[in-house]
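Data block below; observations after.
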Amino acid sequence: MPHESPGKHSPDLLRPIPRAEGRSRLSIHATLPFSGVDIWNSYELSWLNLAGKPVIAIGEFRFPATSPRIIESKSLKLYLNSFSEGRYESMEAVRSILQHELARISGMTTEVRLHEVATTELKGPSNLPGRCIDGLKLEISTYDLDPTLLSGSTNTGDLITETLHSNLFKSNCPVTGQPDWASILVHYRGPKIQEERLLAYLVSYRTHAEFHEQCVERVFMDINKNCWPEALTVYARFTRRGGLDINPFRSNFEDPPENLRLLRQ
């Protein structure tokens, strides 16, 4: 627990949001059609040591996709800022508090790693693996979310394994209305997906308002329904806002990736 500055540290600032609210709109109920994790990075985390000297760190939080609740990002930013004037005996003491309180709010054990800035273990900067489809010639006249753009996007024939990505993804925060920018990866095994249709579908999120995690689950479900892959991964790396970036990973056949920071992050 913090020394001095009583009342500064404020876990009550955290705002939980049930995952079931977004999943019910996708007809996802008790059994999840994927596994995954939400990887959050915090670049504005600081507190005081017992001598009053500031300490800074990069925080990495991994929320399992099976947790019953997500945390609204602005509330997490305010919560992390509430550590800034408190005195703590060690980085491990701060990590332990974060792990306990984030698990309590999200409803499931949350992995918390704190990295010293001088020796951070975050990988990058880099680009997503696979082939970028952003150079395709495409005429677009509407930016309303439209999963039917994926209909008929698969070609019959041999099954393939392919990794595609786009940096053109944009959605909007349903709380603040601010834009959320992302690079998004689709790794699949199945009938070949027509890349023009996939890109048009991803661009159609441009005026859509939904949380990061819910957008990625929607992309997963829409591709699964319309393109019939035998195996599918959808992974998004969002640019940071308020010192935080959120990176949801959903897959029905592979394990979560390393925390690979992109050039845009």
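Read the figures in this text as sums done on the coordinates, not as results from a lab. As the structure is a computational prediction, the values presented were derived from the model and not from experiment. Note: ideal-geometry Cβ built from the backbone for every residue, glycine included; neighbour counts use all protein chains shown.
Does the stretch 138-265 classify as rounded, prolate or oblate by the C-alpha gyration tensor (a ≥ b ≥ c root eigenvalues; a/c under 1.5 gives rounded; else a/b over b/c gives prolate, otherwise oblate)? It is oblate, given that a/c is not under 1.5 and a/b is not larger than b/c.
Sorting 249-262, 137-150 by average packing, meaning the other beta carbons within 10 Å per residue, from highest down gives 249-262, 137-150. Excluding same-chain neighbours fewer than eight residues apart, the lysines reachable from Lys170 by a Cα-Cα span under 23 Å are Lys74, Lys77, Lys137, Lys225. Suppose each label sits 7 Å from its Cα in the direction of the beta carbon; what would the Gln194-Met108 distance come out to in nanometres? According to this spin-label approximation, the distance is 3.7 nm.
Annotation: the residues His115, His212, His100, sorted from fewest to most other C-beta atoms within 10 Å of their own C-beta, follow the order His100, His115, His212. Each peptide in 220-227, 84-91 receives the mean, over its residues, of other Cβ atoms within 10 Å, and ordering these scores from highest gives 220-227, 84-91. For His100 and Ile56, what is the calculated FRET efficiency with R₀ set at 25 Å and r taken between the beta-carbons, to the nearest 0.05? The calculated FRET efficiency here is 0.70. Fewest neighbouring Cβ atoms within 10 Å first, the residues Ser73, Ser106, Ser35 line up as Ser35, Ser106, Ser73.
Calculated from the structure, mean projected area of the Cα convex hull in nm² equals which of [x] 18.4; [y] 14.3; [z] 17.6? So the calculated entry is the one marked [y]. In terms of surrounding Cβ atoms within a 10 Å radius of their Cβ, His208, His165 rank from fewest to most as His208, His165.
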